[in-house]
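To start, the structure itself, in structure tokens.
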Amino acid sequence: MEADKLTELAIRSKAYWGYSQSFMRACRNELAVTEQLLNSAIRHYYVAEGDSGLLGYYAIAKLSEREFELEALFVEPAVIGKGIGKLLMNHAKRLVRQLGGDKITIQSDPNAEGFYRAAGGKIFGSRESQSIPQRQLPLLTIDLMSNDVA
């Protein structure tokens, strides 16, 4: 049940950027949250809730002792631009530090690149989309040991 709610939020949030229906169908599997993912020992999921319900969520996965990957960060379209994403990103940075990490890798949607740069992310390459062949997505890293990262 929770997995379905997170999946539907991810789809609504991704569609906010005006992607076509065919693009969104191609992304559906990549955006899907499963019970297996929710129960994974290497992943952490956190949600932001308000009076109206689920406002957003993020998922972070441990890659190594010191490196984590932000696998998802999605915000309900009605509250995009109201600070929920920043709240979730700051929580993720604190969590990674608490878990002993000092680096977060992020595969970003091109529309969210500015958000991740504002959070301290630096571009270091690109990665091919799992959903759309030949579509390159920006890869960013946040160095949590840097003084300019909140």
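The values are calculated or read from the model by the stated rules, or taken from the named source; none is laboratory data. What you see is a predicted model; the values in this text were computed from it and never measured. Neighbour counts run over all protein chains shown; Cβ positions are idealised from the backbone, glycine included. We work out accessible area using only protein heavy atoms, side chains counted, and drop any ligands, DNA or RNA first. Shrake-Rupley method; radii C 1.70, N 1.55, O 1.52, S 1.80 Å.
Reported to the nearest whole Å, the Cα centre-to-centre distance from segment 71-127 to segment 1-36 is 18. For segment 1-97, GluC sites (Glu not before Pro) meeting the loop criterion (DSSP other than H, G, I, E, B) and having at most 12 other Cβ atoms within 10 Å: 65. The translational diffusion coefficient of the chain, from Stokes-Einstein at 25 °C and 0.890 mPa s with a Kirkwood hydrodynamic radius over alpha carbon pairs, comes to 156 µm²/s. With a 1.4 Å probe and every protein chain kept in, tell me what percent of the accessible surface of the chain is carbon plus sulfur. Using a 1.4 Å probe with all protein chains present, the chain comes out at 50 percent carbon and sulfur.
The slack in the chain from residue 78 to residue 99, taken as 0.36 nm per residue of separation less the alpha-carbon distance, amounts to 4.4 nm. Accessible surface area normalised per residue over the chain is 56 Å², counting heavy atoms of protein chains with a 1.4 Å rolling probe. The antiparallel fraction among DSSP beta bridges confined to segment 1-103 stands at about 95%. Computing FRET efficiency as 1/(1 + (r/R0)^6) for residue 29 and residue 113, where r is the C-beta to C-beta distance and R0 is 22 Å, gives about 0.45. Helices that extend 15 Å or more along their long axis by alpha-carbon positions and average at least -1.0 on the Kyte-Doolittle scale are, among the DSSP H runs of the chain, 2-15, 84-98. Normalised by the number of residues in the chain, the average gap of Cα pairs under 8 Å and 6 or more apart makes the relative contact order 19 percent. Show which lysines lie in cross-link reach of residue 103 when reach means a straight Cα distance below 17 angstrom and same-chain residues fewer than eight apart are skipped. Once the sequence-local lysines are set aside, what remains near residue 103 is 62, 93, 122. If you take every residue apart from residue 132 with its C-beta less than 13 Å away from the C-beta of residue 132, what net charge results, scoring Lys and Arg +1 and Asp and Glu -1? Surrounding charge for residue 132 is +2. Here each label is just a point 7 Å from Cα along the line to Cβ, and for residue 2 and residue 127 those points are 2.4 nm apart.
Per-residue 3J(HN,Hα) values for segment 121-128, derived from phi via the Karplus relation 6.51 cos²θ - 1.76 cosθ + 1.60 with θ = phi - 60°, read x, 10, 5, 9, x, 8, 9, 5 Hz in sequence order (x marks Gly and Pro).
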